[in-house]
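Novice: Questions regarding the structure given below will be posed in turn.
The values are calculated or read from the model by the stated rules, or taken from the named source; none is laboratory data. Keep in mind the model is a prediction, meaning the values are calculated, not measured. Here Cβ is always computed from backbone atoms with ideal geometry, including for glycine, and neighbour counts include all displayed protein chains.
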Amino acid sequence: MPQPDHSPRSEGEVVRGGSTDPNQPWQAYHTVFTNAKAGMDGVDKEKVQRVVYEMSKGSKYFENEKRREALVMQKIQHMKSQSALLTDSDVKNHEKAADIKIKNLETQRDLSRIWMHVDLDAFYAAVETLENPTLAGKPMAVGGMSMICTANYEARKFGVRAAMPGFIACRLCPDLIFVSPNFEKYTSYSEKVRQVFHDYDPNFLARSLDEAYLDITDQCLSRNMSSEEVAEELRRRVYDLTGLTCSAGVAPNRMIAKVCSDVNKPNGQFIVPNDRAAVMAFVSSLPIRKIGGIGKVTERILKEVLSVSVCEDLIDKRGLISALFSSISTDFFLSVGLGIGGSTTPVEEPRKSLSCERTFSEISHEDGLFAKLEELADNLARELESEELQGRTITLKLKTATFEVRTRSLTLPFLVCRKEDLLIHASKLLKAELPLSLRLMGLRVSHFQGDSSFLNQRTLAEYFSVGNSAGSGSSEISLASGSSVVPSFTAEVSELSQKNGKNTDGTNSKIRDGTLVDCFFQGTDSGSALDCPPLLKEMRWIDDLQCSLCKLEIPSFLETERQEHVDFHFAELLQRRYADGFDLEAGSQGVETQTRRHLSQPYKGTLSKRGHIDRAIDSKGKRKCLSIDAFFSKD
DNA sequence: GGGGGAAGGACCA
DNA sequence: TTCCTGGTCCTTCCCCC
Ligand SMILES: Nc1ncnc2c1ncn2[C@H]1C[C@H](O)[C@@H](COP(=O)(O)OP(=O)(O)OP(=O)(O)O)O1
C-alpha cells in the first residue's frame, strides 16, 4: 500500500508494517501533520489524519504522492536486497572501514566552543500578532487557502501547522483566521533581532529570517557567565527589544545546538554541556529524525532497511551503513551517531543560484505559457540586476497539472543576466517540452562568475588586464589548472610539450609581441596545438566586434563539434553587434519601415530599447517584434 | 577515474 | 476550488577525455 507524503516539509512519518485496517485507509496516509512538534501535544492525531486524508484522496496531488511513494518503496526494496546479498565478511570489512572513519571523526571532535542556536517562536504569526494585538489568543495562520507558512500555538492545538494547505486547516479549525504574509515586516523584525545577536557574536550565522547560530564562547569567558545565563539574557533582550519570544539551544556544536533549541520550545532553552559523555548521552537515545538533514525519506530508509531509529543505532549498524551508502553519507551518519557537528565558523559563502517560480491555475495554451515565462524572466532579470549577478546556467522548472516536476537546463559558454537573454534560451527549453499543461513554472540562474567552476576563469577584459600582458610586448602569465581563456568555448592554454592539453598543473603560457603562444584548444581531435592566430582572432572578435555576420572566423572544430556553442555565441554577439542599429541592403525583406515594406534603398534600422526589431515581418507577412537573434536565425 | 553538465530528488525555513 | 517559494546539497547518469 503506497504511503503518500503529504507535504514538502514532512516530519515524522512512519510506516507501521503496512498492517493498516482497510476500513480506515487514513491510517496508511501518514502525513507530516501528526508528527511531534512544538505546540502539538494533546492534538487528536487520529482526527487530523482522517481529515487530511478525506480532503486529499482522489486529488491530482494525492495521485502524484502515490506515484512518488511507490518510488520510495522501490528504493527501499532495492536496498533491502542489496543488504541481503552481503556476506558476514563483507559486513566485517565494512565495519573496519567505518571504524577508521570513526577514529578520524573523533579527532575532529571539538569541545572547546560553545554554540547557541536561536529560533524565534512561530515567527511570522508572532509578528502579525504584535502588529495586530486583537489576534492574540485566537487561532491564526499566516498564508492562504492553498498554503500556510506557519500557525500560532492556538491554531496548532487543532493540528494546524506550517506547510499545511489552508483549506484543510479550515476544516480542522473552522474559526481559523488567515493573515496574508508580509515579508517586509518579517525582514524588519528580523533585522532588529539580529542587532541583539550581533552583540553576542559579531560573526553569527543567520540561517533564515528567524534562525541563527552564535558562537558564545567568548561571551561566556569574557563576562564570566554560564551559557545558561547568556541564553537567558539574550532571549530577554530579544523580547524587550521586539516583543518576540524565542527558544535557544546550547551545545558544543551547531548540529546538537539546533536539536536543543527545539527541546523546550516555545520560549525556553536547553543546554548540553561541553563534555563528551553528556553529548553521547544526549545523542544516544535521540530519534534520528530530530537531526537536521534527516527527513521523511531518510528516516524511513534507515528504519526499514537497517532498523535504525535512534542516533546510537547509526554506530551499531556502521558496517551496513558503510556498505549501503556513499562515503559522504556514511561520514554524515557516523558523525550524527557520535554527536559531532560543525564547531568552527565557516567563511560566508556567496549565493549559488537565484530563482523565481510561480504557481497558477492550469495553463496549456502555448501563448499563455510563453507569457508566464516572460513574466518570470522579467522578474528574475530584475533580481539579478539588483544583486549584480550574471550566470551561465539557466534552468527551467515545470510542474504539470498532475504535479509531475521536470527541470530542463542548459549551460552557456558566457554569462547572462538580461531578460532577453534569459527568454531566448528558456524559450528553447520550453518549446522542446510542448505540448504541456502546467500549474507551475520557474526559472533559475546559477553558475555565477566566481563559482568554484569559475575560480580559474577570467573574462577577456580581466584576462588582458592582468597587468603584464597588454602592450608590454613580451611577458608571461600564469594560468591555473582548468583555465578557460575565451568565454565562448573551452580553450586551454598549455605548454606545447603537453600532449593532451589537460592543463593539470597550472603551466605558464606567454604573450610575446602581443601574441599568445603555446596555446591549445581542448576538443581538437589531434590533441596537438593549433596555431595561435585563431585564438587571438577569437578574442578580438568578441572584444571589439570587428567582424560582420558573413565573416565569422571560427576554428574548424567549433563549426562542427561545438555548433551549439556557436549558436549561443551568435545570440550574444548579435545583440552587441547591432546595439546601435543594423544595415540592410536594398531589396532586403523581413523588416518594414515606417512607410514601406519593400526596401528600394539601403536601410538603416535601429533596435528598440529592449534590443528588439519592432517592425520585423514574419513568414506570413504579419508584423512582429523580434529579438535580433530571432530575426537573423529565422530565414 | 574524474570533471562537467543534466536531471531528479531530499531537505530546510 | 484551492497542496508554496527560494534555496542548498547529494546522487545518478552520461559524455569526454
Ligand atoms: N514550508 C514552508 N514554506 C514557506 N515558509 C515556511 C515553511 N516552513 C516554515 N516557513 C517559514 C514560516 C515560519 O514562521 C518560519 C520559521 O519556521 P519554523 O522555525 O519551522 O517555525 P516557526 O518559527 O513558525 O514556529 P516554531 O519555531 O515555534 O515551531 O519559516
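Novice: Pairs under 6 Å by beta carbon, first residue without any contact (Cβ under 8 Å) to a residue 40 or more places away in the chain in region A:241-266, partner among the charged types (D, E, K, R), six or more apart or different chains?
Specialist: That search, which allows pairs on different chains as well, returns A:259/A:290.
Novice: Taking region A:98-151, which residues are within 23 Å of residue A:263 (Cα to Cα), in a loop (DSSP other than H, G, I, E, B) and among the aliphatic types (A, V, I, L, M)?
Specialist: Hits for region A:98-151 are A:111, A:114, A:122.
Novice: Shifting gears a bit: Take region A:133-155 and flag every residue that is in contact (Cβ under 8 Å) with a residue 40 or more places away in the chain and away from DNA strand B (no atom under 16 Å from the Cβ). Working first, answer last.
Specialist: First, pick out the residues of region A:133-155 that are in contact (Cβ under 8 Å) with a residue 40 or more places away in the chain: A:135, A:146, A:153.
Result: A:135, A:153.
Novice: Just for region A:152-174: of the residues that are among the basic types (Lys, Arg) and either assigned to a loop (DSSP other than H, G, I, E, B) or touching a helix residue (DSSP H, G or I) at 6+ places or on another chain (Cβ under 7 Å) (or both), which one is farthest from residue A:187 (Cα to Cα)? Quick ask: steps written out before the conclusion?
Specialist: Just the residues of region A:152-174 that are among the basic types (Lys, Arg), to begin with: A:156-157, A:161, A:171.
Then keep just the ones that are either assigned to a loop (DSSP other than H, G, I, E, B) or touching a helix residue (DSSP H, G or I) at 6+ places or on another chain (Cβ under 7 Å) (or both); that gives A:157, A:161, A:171.
On the way: A:157: 27, A:161: 21, A:171: 31 Å.
For region A:152-174, the residue satisfying everything is A:171.
Novice: Considering region A:361-399 alone, what residues qualify as being among the aliphatic types (A, V, I, L, M), exposed (fewer than 13 other Cβ atoms within 10 Å of the Cβ) and either in contact with a helix residue (DSSP H, G or I) (Cβ under 7 Å, 6 or more places away or on another chain) or touching a residue at least 60 places away in the same chain (Cβ under 8 Å) (or both)?
Specialist: The initial filter retains those residues of region A:361-399 that are among the aliphatic types (A, V, I, L, M), namely A:363, A:369, A:371, A:373, A:376-377, A:380-381, A:384, A:389, A:394, A:396, A:398.
Remaining after also requiring exposed (fewer than 13 other Cβ atoms within 10 Å of the Cβ): A:371.
Hits for region A:361-399: nothing passes.
Novice: So the check is Cβ under 6 Å with 6+ separation or different chains; which pairs have a first residue in region A:197-217 that's within 25 Å of residue A:149 (Cα to Cα) and within 14 Å of the ligand (Cβ to nearest atom) and a second one that's charged (D, E, K, R) and at pLDDT 95 or above?
Specialist: Every condition considered, the pairs that remain are A:211/A:119; A:213/A:254.
Novice: Another one. Would you say residue A:112 is modelled with pLDDT of 85 or more, more than 15 Å from DNA strand C (Cβ to nearest atom), within 25 Å of residue A:290 (Cβ to Cβ) and small (Gly, Ala, Ser)? Write out each step before concluding.
Specialist: Values: modelled with pLDDT of 85 or more: yes; more than 15 Å from DNA strand C (Cβ to nearest atom): yes; within 25 Å of residue A:290 (Cβ to Cβ): yes; small (Gly, Ala, Ser): yes.
It is true that residue A:112 is modelled with pLDDT of 85 or more, more than 15 Å from DNA strand C (Cβ to nearest atom), within 25 Å of residue A:290 (Cβ to Cβ) and small (Gly, Ala, Ser).
Novice: Is there any pair linking a residue in region A:103-132 that is acidic (Asp, Glu) to one that is in a helix (DSSP H, G or I) and within 14 Å of the ligand (Cβ to nearest atom), with Cβ under 7 Å and at least six apart or on different chains, and which?
Specialist: Note: pairs meeting the criteria are A:119/A:261; A:131/A:185.
Novice: Moving on to the next point. I'd like to check which helices (runs of 4 or more DSSP H) are fully inside region A:198-304 and have at least 1 residues that are within 11 Å of DNA strand B (Cβ to nearest atom). Give the derivation first.
Specialist: Details: elements: A:217-222, A:227-242, A:254-263, A:276-284.
Correct list: A:254-263.
Novice: Restricting attention to region A:345-363, does a residue exist that is under 30 Å from residue A:97 (Cβ atoms) and either more than 16 Å from the ligand (Cβ to nearest atom) or touching a Cys at 6+ places or on another chain (Cβ under 9 Å) (or both)? Step through it out loud before you land on a result.
Specialist: Taking region A:345-363 and keeping what is under 30 Å from residue A:97 (Cβ atoms), we get A:346.
With either more than 16 Å from the ligand (Cβ to nearest atom) or touching a Cys at 6+ places or on another chain (Cβ under 9 Å) (or both) added as a condition, the list becomes A:346.
Within region A:345-363 (the criterion being under 30 Å from residue A:97 (Cβ atoms) and either more than 16 Å from the ligand (Cβ to nearest atom) or touching a Cys at 6+ places or on another chain (Cβ under 9 Å) (or both)), the answer is yes, since at least one residue qualifies.
Novice: Out of A:369, A:380, A:384, A:334, report the one residue that is within 16 Å of DNA strand C (Cβ to nearest atom), in a helix (DSSP H, G or I) and under 30 Å from residue A:102 (Cβ atoms).
Specialist: Numbers: A:369 fails: under 30 Å from residue A:102 (Cβ atoms); A:380 fails: under 30 Å from residue A:102 (Cβ atoms); A:384 fails: under 30 Å from residue A:102 (Cβ atoms).
Unique residue meeting the criteria: A:334.
Novice: Of all residues in region A:221-241 being surrounded by 20 or more Cβ atoms within 10 Å (Cβ to Cβ) and of a type outside the set (Gly, Ala, Ser), which is farthest from residue A:126 (Cα to Cα)? Let's see the steps before the verdict.
Specialist: First, pick out the residues of region A:221-241 that are surrounded by 20 or more Cβ atoms within 10 Å (Cβ to Cβ): A:227, A:230-231, A:234-235, A:238.
Cutting the leftovers down to of a type outside the set (Gly, Ala, Ser) gives us A:230, A:234-235, A:238.
Numbers: A:230: 23, A:234: 18, A:235: 15, A:238: 13 Å.
Among those residues, the one meeting the criterion is A:230.
Novice: Go through region A:242-257 and give me each residue that's in contact with a strand residue (DSSP E or B) (Cβ under 8 Å, 6 or more places away or on another chain) and within 14 Å of residue A:121 (Cα to Cα).
Specialist: A:244, A:245, A:246, A:247, A:248, A:249
Novice: Filter region A:400-419 for residues that are within 27 Å of residue A:364 (Cβ to Cβ) and surrounded by fewer than 19 Cβ atoms within 10 Å (Cβ to Cβ) and give the result. Spell out how you get there, then give the answer.
Specialist: Our first condition is that a residue be within 27 Å of residue A:364 (Cβ to Cβ); within region A:400-419, this holds for A:400-410, A:419.
Once the filter is applied, which keeps residues that are within 27 Å of residue A:364 (Cβ to Cβ) and surrounded by fewer than 19 Cβ atoms within 10 Å (Cβ to Cβ), region A:400-419 yields A:400, A:401, A:402, A:403, A:404, A:405, A:406, A:407, A:408, A:409, A:410.
Novice: Look through region A:9-41, keep the residues that are away from the ligand (no atom under 16 Å from the Cβ) and at pLDDT 75 or above, and return whichever of them is nearest to residue A:267 (Cα to Cα). Even if it seems obvious, please write down each step before you answer.
Specialist: Of region A:9-41, the ones away from the ligand (no atom under 16 Å from the Cβ) are A:14-30.
Next, from what is left, pick out any that are at pLDDT 75 or above: A:23-26.
Values: A:23: 42, A:24: 38, A:25: 37, A:26: 34 Å.
Taking the candidates together, the pick is A:26.
Novice: Go through region A:430-443 and give me each residue that's out of contact with any helix residue (DSSP H, G or I) (no Cβ under 8 Å at 6 or more places or on another chain) and near DNA strand C (Cβ under 9 Å from one of its atoms).
Specialist: Going residue by residue through region A:430-443, those that are out of contact with any helix residue (DSSP H, G or I) (no Cβ under 8 Å at 6 or more places or on another chain) are A:431-433, A:437, A:439-440.
Across region A:430-443, the qualifying residues are A:439, A:440.
Novice: Still on this model: Working only within region A:325-357, note down all residues that are without any contact (Cβ under 8 Å) to a residue 12 or more places away in the chain and crowded, with 17+ Cβ neighbours inside 10 Å.
Specialist: Selection gives A:325 alone.
Novice: Then there is this: Give the number of residues within region A:131-165 that are surrounded by fewer than 19 Cβ atoms within 10 Å (Cβ to Cβ), within 13 Å of the ligand (Cβ to nearest atom) and of a type in the set (S, T, N, Q).
Specialist: 1
Novice: Please specify each residue of region A:81-97 satisfying the condition of being in a helix (DSSP H, G or I) and not small (Gly, Ala, Ser). Reasoning before the result, please.
Specialist: We begin by selecting, within region A:81-97, every residue in a helix (DSSP H, G or I); these are A:81-85, A:88-97.
Matches in region A:81-97: A:82, A:85, A:88, A:90, A:91, A:92, A:93, A:94, A:95, A:96.
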